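Here's the structure, in structure tokens; my notes come after.
The values are calculated or read from the model by the stated rules, or taken from the named source; none is laboratory data. All figures in this text were calculated on a predicted structure; none of them were measured in a lab. Note that we place each Cβ from the backbone using ideal geometry, even for glycine, and neighbour counts take in every protein chain shown.
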Amino acid sequence: MLGSKRQRINWSAPRSALCTLVAVVTLLGATPAVGYAAGPSSFADVIDSVQPKIVKIFGAGGIRGLEAYQSGFLISAEGHVLTVWSHVLDTDYITVTLNDGRKFQGELVGADPRFGIAILKVDADDVPHFSLDQAVELGTGDRVLAFCNLFRVATGDEPVSVLHGSVAIRAQLTARRGVFETPYDGPVYVLDAMTNNPGAAGGALTNRQGKLAGILGKELRNSLNNTWLNYAIPVQELTDSVDQILAGKTRPREPDESAKKPVEPWTLPLLGLRMVPDVLPKTPPFVDAVREGSPAHKAGLGPDDLILFINGRVASSCKTIADELSLVDRIDPIHLTVQRGQELLDVVLEPSE
């Protein structure tokens, strides 16, 4: 039954069986055809129109069973990819595979930990993409399609997986803080579709017509009953953050040997910070200790705080923090974004009087 590229589905089957069949057929690399309707609203045409906009992302992983892959989708003709911010991107070589099998090295443009998103750039032109300003909003009961590289089914030009389901409810994730460990506390679409699986994070949620509605979130497990949350963040919540990243406000600073540095710049010891040493080029910059009475101590920083941004720049390691400090005069304040547990804090380190 699944041997040919397109197959005809028995639309008289129960809805539950039909949803399962759509997912299974796509997982096996076939595209389901619609027997009763030949037009832009058919599943086959919708899936064919969306697949070229989805990418597979491969990077860091393997430690403690962490997967080294996730999903993403193109948001510009110039090759910008929206995905989730995760350990997969914590490497110097990120591979982005397009729908047609072409592989590119992805450059990290920027990230926003508040929403758990990141933007990559690949050297490709005139690629099919979603326009964020044309994204749709969904309501309870709306039927949806979820496109993602579920369980790494696709590695080259194979189509990514497609799940068919519906929106169970739109709710504030803040009501679940403490139950689900995540810094994001805004609205989400809770889905009646099994999207919370390895590789799905960063995939695209669309409506029945293939119009973008949200980005599939990272795996979240309920700490009370050990169940998983299948959810997506609405695109409307992300547009401002995406615009800021594309404008370079969260972009890692490019090395510039000719940049003029202050005579008396900030240093980590002057701030009163001792960091966990860099073991790898991108070792997460955790605070190891804070000197009492120092600017860091007065600002409330403490051991195990993770520095995410310094003066709006991504802090990928202790070295990047030290490099950024070398460009700031010690009479100027330092602005940090810090993750403490699952809470994000904005901290200002003021010069000592």
> When only residues in region 267-312 that are of a type in the set (Ser, Thr, Tyr) and under 29 Å from residue 245 (Cα atoms) count, which is surrounded by the fewest Cβ atoms within 10 Å (Cβ to Cβ)?
Replying inline: 267
> From the list 55, 84, which one is touching a residue at least 24 places away in the same chain (Cβ under 8 Å), among the β-branched types (Val, Ile, Thr) and more than 25 Å from residue 309 (Cα to Cα)?
Replying inline: 55
> Quick one: which of 182, 140, 174 is modelled with pLDDT under 95, in a loop (DSSP other than H, G, I, E, B), among the polar types (S, T, N, Q) and at negative phi?
Replying inline: 182
> When the residues of region 128-155 are filtered to those that are β-branched (Val, Ile, Thr) and surrounded by fewer than 16 Cβ atoms within 10 Å (Cβ to Cβ), which remaining residue is farthest from the chain's Cα centre (by Cα)?
Replying inline: 140
